[in-house]
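Derivation of every value follows stated rules applied to the coordinates shown; laboratory data play no part. This structure is a prediction, so every number in the text was calculated from the model and none was measured. Don't worry about glycine lacking a Cβ; one is built from the backbone with ideal geometry, like all the others, and counts go over all protein chains shown.
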Amino acid sequence: MKRTFLFLFYLLAGILTGSLLATVFRGIPALAWLGYTNTIGFSAANPAVLDLIIVKITFGFAMSVSVAQIITISIAMVLFNKSR
């Protein structure tokens, strides 16, 4: 249980740190490639809709992933494995 929370902590720290770095480096021309972001999931303009006449349910999911996030998540996973 403790390892699971530690893993989630490292994962969340990697995601947040990568997001922060991507935002900061987006304005620096030499490091702008770290801020390259791609969105994965259903488009916000065209979500999946289930219309049951009485109830209409809309499903949507979008996740933005940047190069900086991939790098910092990788570093976080290496640090997690070294923390044993």
*Do any chymotrypsin sites (Phe, Trp or Tyr not before Pro) in the chain lie in a DSSP loop with no more than 16 other beta carbon atoms within 10 Å, and if so, which?*
36, 42, 61
*Charge tally in the Cβ shell below 14 Å around residue 10, where Lys, Arg are +1 and Asp, Glu are -1, residue 10 excluded*: +4
*Using 1/(1 + (r/R0)^6) with R0 = 25 angstrom and r between the beta carbons of residue 38 and residue 2, what's the FRET efficiency to the nearest 0.05?*
0.15
*Would you mind telling me which residue in 28, 73, 53 has the biggest mean-square fluctuation in a Gaussian network model of the chain, where springs connect alpha carbons within a distance under 10 angstrom?*
53
*Amide H to amide H, which residues 5 or more places from residue 37 or on other chains are under 5 Å from it, using H placed in the peptide plane?*
none
*Using θ = phi - 60° and Karplus 6.51 cos²θ - 1.76 cosθ + 1.60, couplings along the stretch 33-41 (whole Hz; Gly, Pro as x)*: 5, 5, x, 4, 10, 10, 9, 10, x
*In order through the stretch 3-20: 3J(HN,Hα) via Karplus (6.51 cos²θ - 1.76 cosθ + 1.60), integer Hz, x for Gly, Pro*: 5, 5, 5, 5, 4, 4, 4, 4, 5, 5, 5, x, 5, 5, 5, x, 5, 5
*Reported label for calculated mean projected area of the Cα convex hull in nm² given (i) 9.6; (ii) 5.2; (iii) 8.4*: (iii)
